[in-house]
Structure formats: C-alpha cells, structure tokens
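Participant: Okay, handing you the structure first.
The values are calculated or read from the model by the stated rules, or taken from the named source; none is laboratory data. What you see is a predicted model, and the numbers here were worked out from it, not measured in a lab. Cβ placement follows ideal geometry from the backbone for every residue including glycine, while neighbour counts extend to all protein chains displayed.
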C-alpha cells in the first residue's frame, strides 16, 4: 500500500494497468478471454499516447465522437466551472446550463425542432424517440432499415438492422419491421436517383403490407455509419419524408453519429433540406467530453403532451456537467468554423482516398461525405465480392488494423469496410500522414493476399 498522498507505483506501469483493467472490467462486444485493450494515457488534438509514450493518430475520433479533437481547454474549463458551481441537479430542475443549451441547440437544429429531451447517450435517445412516436400516434410498429445501428439497449438493438441484433432475438422489443434502404447491398455500383425510386417503392410496399395505420414511425440513420457510410441517393430522404407525412407516420432521424459537423453540415438531414418529427443526437453533441444524448421534438408532438403525461424519465436527464460540455462544444464548433472546415478538408479527404483506391485493387468502393468516409475491401475488383462474407470475421481486416496501429494509425472497421472519421479539426499535414500510413498498410495486405 502506498503512503497517503503518494502515487501508487502500480499505476505507473502500462503492464499493471492493462492487467488490472482486464481483471476487473467486463468488456462489451468481446469474448472476455480475447480482450487486448489498447492502453490510452493522454490525448491532445488528433493524437493519443499510451503509457509508454507511443503516439497514435486517431482516424476514428475515439468512437466517432471527438469532433473537436482532444484536450480542448474551452470545454474542459466549462466542465470544471460547472462542477464547481452545480455538479448535479435532478431532472425536474431549471438550471442555467439547461436554459443556455436549449437556446443554443435550437439555433443549429432544423427549424421546428426546438424542444429537447436529454439522455445519457444515443441508445437512450432512440429508445425515447420510439416511446414518443408510439405515444403520439397510438400505433405500435416501428419500421427500420437493414444495415443500420441504433444502439445496444433493448429497443435500440431491436431496431438495429445488422448482425448485432441476432443474439438477442426473439427477446427484444416487439413491433419492429425491417426494410431495405437504398444501397442495401454496399457492393452495388448503382447509386443513382433511380435507386432512390426503387428503394422508395419498396418502403411504400412494406407500409402497405404492414398497414400504415399500425405504423408509429420510420426510424433511419440519416446516413448509416458503421454499416458503411451508406449515403442515400438524391431524392430518397425527401421521399421518405413525403411517405411518412402522407400516412401520418412519424419520421425519426438518428443523427447520433452524423450530427455536429461530421458530414460537413450541422446534421445530415440538412443536406436534403428535410425536417424529421424526431431527431436523436449524442456523440458529437459533447465531442465525447461528457455523456449526453438528446431527442429533438417537433411542435405537434410537444403539443400532444401539453395535457398528457409522458410516462418516462431518467435520473441524469439534463445532468449539468453534460450540458456544460455541450454548450462549450457547440461554441467551439461555431467559433472555429469546424462545420465549414469539415466540408473543405472532407473534399480533400475524398480526393485522397480515391487516389489510394486507384493504387490498390483491394479497394472496391470509396464513400465520403464531410469527415465521414468508408472503404470497401474486396477480393476481386471486377466482381467486387467483399473481403469476407457478411457476419464472418475477416482476419485480413483485423491484420490490416493491427498493422496500422503498429505504424501509429488508429482506425476501425465493420465487416469488410474500413471506417475513416478523424476529428474535424485535423490539419492537412496530419491527414496526409495518416493516409500515407494507410496506403502502406493496404499495399502490404494486398501483397499478402
């Protein structure tokens, strides 16, 4: 036992820290015996360091959330000030932070979405959006896309349209019906307006077969993220909005990953100019500096609950530290013009990724919008079969990620797709460094295959 006030020497050793973390933590999305956690001691800008001083360039923004980069003093100071002034206030209190964030947030969300239900993260936000839609409409069915992810809680995983849902069936929330969105096959070359029409016809058919009068909401990731940055063709989102309006179905847009500048706009719905009835957010809302999610609620739903009780709540609804982080985070995004920067640097990122793809036949497709990109890895460029079958672990991709990490580049993948989502404030020099490392690692993988 160390003396009082001294530093315990065990926690100065990376080996001891990793061993203690493995001994006492239950790891998600993992078999416990296979966990090999990445040591992280500190972070600044677009880099983080392990306890032995090795530096890594973060091409994943933590978990697609650190939009403003690490170590931003303006946010850190705001959290500290809030902790000193008021560290906690219950969900039924009026606080300065709640007042300020509501006013600030309503200035960047689409017009008409200016009331917010605060949660601790994206899963809870999606759960509460579903509750609001069901209560408002008196209907129970939720239509959600295949190749989507909405969170790991009971209802959010039921709505999820990928393999992460399978283990928990059938004991997940009933009433969810999945449909195929545009580009449902991420290996398809066809991403034309006609593809939007085909997808909309399919969605309308599903609505008819299910009975529009039984459908509370259509829940979509505005741009599906971990499933491959599946950018909808022109007209699709507008068409979904029209179908929902026609049938009295609420449109819920999940902007947990795409919000707060990730796509080069405040929200991905801004690119299509649509306003959903409910919009969920988290991640970039605080850039990961504190846990916070939110549901933005349209006026007609708010009006419905003026004389009706919403039977739901959270102990940490409107936690002052999360709200303070969000306020400062939004102010940084505005002051540093990071939304515009994501547009400009994102265009450079897309050009560079297409150059990388031209050099490596292992890349079958590139998709990019703002600072949100994906590379599909394939076995054969002509036929473009994915590097690994769906739901089958790709040892090749894991080998690629390990090689990138060995060379100081951190990124993530899903199935046969590499995800590239660096912080919005990355400069072009660091972007180029990361792309050069990636190109070298792709070349080594291609030669091995």
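Participant: Could you tell me whether residue 373 is touching a strand residue (DSSP E or B) at 6+ places or on another chain (Cβ under 6 Å), more than 27 Å from residue 165 (Cβ to Cβ) and either in contact (Cβ under 8 Å) with a residue 12 or more places away in the chain or in a strand (DSSP E or B) (or both)?
Facilitator: The answer is no for residue 373.
Participant: Name every residue in the stretch 132-173 that is part of a strand (DSSP E or B) and closer than 26 Å to residue 305 by Cα, in order of residue number.
Facilitator: Hits for the stretch 132-173 are 141, 142, 143, 144.
Participant: Testing residue 86 on (1) touching a helix residue (DSSP H, G or I) at 6+ places or on another chain (Cβ under 8 Å); (2) crowded, with 17+ Cβ neighbours inside 10 Å, one condition comes back false. Which one is that?
Facilitator: Every listed condition holds for residue 86 apart from (2).
Participant: Return the residues of the stretch 12-40 that are closer than 27 Å to residue 424 by Cα and surrounded by 11 or more Cβ atoms within 10 Å (Cβ to Cβ); say none if nothing qualifies.
Facilitator: Passing the criteria: 37, 39, 40.
Participant: Could you pull out the residue among 239, 273, 259 that is more than 21 Å from residue 147 (Cα to Cα), touching a residue at least 24 places away in the same chain (Cβ under 8 Å) and not assigned by TED's automatic domain parsing to the domain that holds residue 419?
Facilitator: Checking each option against the conditions leaves just 273.
Participant: Identify all residues within the stretch 247-262 that are assigned to a loop (DSSP other than H, G, I, E, B) and crowded, with 24+ Cβ neighbours inside 10 Å; write none if there are none.
Facilitator: Result: 249, 255, 256, 257, 258, 259, 260, 261, 262.
Participant: For the stretch 41-70, give me each residue that is touching a strand residue (DSSP E or B) at 6+ places or on another chain (Cβ under 6 Å) and surrounded by fewer than 15 Cβ atoms within 10 Å (Cβ to Cβ).
Facilitator: Result: 41, 42, 44, 55.
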